[in-house]
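To start, the structure under review is shown below, and the notes come after it.
The values are calculated or read from the model by the stated rules, or taken from the named source; none is laboratory data. Quick caveat, the model's predicted, so the values are computed rather than measured. Cβ: placed from backbone, ideal geometry, glycine included. Neighbour counts: every protein chain shown.
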Amino acid sequence: MAENTTVARPYAQAAFELARGKNALRAWSDGLQLAAAVAADARVKKLIANPRVRPEQIQDLILGVCGTHLAGEAQNLIKVLIQNQRLVLLPEIAALYESYRAEAERTLTAEVVSAFPLSDEQQAKITQALKKRLGRDISLVCKVDDTLLGGVIIRAGDLVIDGSVTGQLSKLAGALAH
């Protein structure tokens, strides 16, 4: 995994710099996500691994499925990845690209896991608190985990806030054990 990230990083950086220079961060993001999803499909992976399938056929398949969602430069990236037998890195390249884009746009996606669905008001309060604390625009992804007794767990980048009842009980047990 770390090796894939190391190899994928220059491709992601180049794609990001090109997209930023053309003011097309969103378009590249959409195109890379689509192409990565196609490349990650189990059937496509079988074709990529099949020595009887020519690189041109894989290229035609990927570019055909993605169609107009890939700009000319993004299509060239796909071609280079296929020529260098690195198409399997496309999901990692797309993920790295997204992190570069989020950093440039000062945005962050935060995951909120709660025992029960959060109201719009609760979501707004969490969003505002995170925005104030982290200095970024926040988009929330809310999930429900019925194994939690109550409270929430928030993950935003490297930050983890465990405000769940289960987490609080674990902290209490640890404090009592020492």
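Of all residues in the range 20-34, which are surrounded by 15 or more Cβ atoms within 10 Å (Cβ to Cβ) and in contact (Cβ under 8 Å) with a residue 40 or more places away in the chain? Within the range 20-34, Ala24, Leu25, Ala27, Trp28, Ser29, Gly31, Leu32, Gln33 meet the criteria.
For the range 70-90, filtering for residues that are buried (at least 18 other Cβ atoms within 10 Å of the Cβ) and assigned to a helix (DSSP H, G or I) leaves 8.
I need the full set of residues from the range 115-136 which are surrounded by 14 or more Cβ atoms within 10 Å (Cβ to Cβ) and either of a type in the set (Gly, Ala, Ser) or not in a loop (DSSP other than H, G, I, E, B) (or both), in order please. Give the steps one after another, and end with the answer.
Filtering the range 115-136 for residues surrounded by 14 or more Cβ atoms within 10 Å (Cβ to Cβ) gives 115, 118, 122-123, 126-127, 130-131, 134, 136.
If the condition is that a residue be surrounded by 14 or more Cβ atoms within 10 Å (Cβ to Cβ) and either of a type in the set (Gly, Ala, Ser) or not in a loop (DSSP other than H, G, I, E, B) (or both), then Ala115, Gln122, Gln123, Ile126, Thr127, Leu130, Lys131, Leu134 are the ones that fit.
Taken over the range 150-161, the criterion of being buried (at least 16 other Cβ atoms within 10 Å of the Cβ) and out of contact with any helix residue (DSSP H, G or I) (no Cβ under 8 Å at 6 or more places or on another chain) is satisfied by Ile161 alone. Consider Ala42 carefully, then state whether it is farther than 18 Å from Val7 by Cα, exposed (fewer than 12 other Cβ atoms within 10 Å of the Cβ) and within 22 Å of the chain's Cα centre (by Cα). For Ala42, the condition - farther than 18 Å from Val7 by Cα, exposed (fewer than 12 other Cβ atoms within 10 Å of the Cβ) and within 22 Å of the chain's Cα centre (by Cα) - is met. Consider Ile62 carefully, then state whether it is touching a residue at least 24 places away in the same chain (Cβ under 8 Å), assigned by TED's automatic domain parsing to the domain that holds Ala8, over 23 Å from the mean Cα position of the chain (by Cα) and surrounded by 14 or more Cβ atoms within 10 Å (Cβ to Cβ). Considered against the rule, which asks whether it is touching a residue at least 24 places away in the same chain (Cβ under 8 Å), assigned by TED's automatic domain parsing to the domain that holds Ala8, over 23 Å from the mean Cα position of the chain (by Cα) and surrounded by 14 or more Cβ atoms within 10 Å (Cβ to Cβ), Ile62 comes out as no. Taking residues in the range 101-115 that are farther than 22 Å from Leu32 by Cβ and among the polar types (S, T, N, Q), and partners anywhere that are at pLDDT 90 or above and loosely packed, with under 12 Cβ neighbours inside 10 Å, not one pair has Cβ atoms closer than 6 Å while being at least 6 places apart or on different chains.
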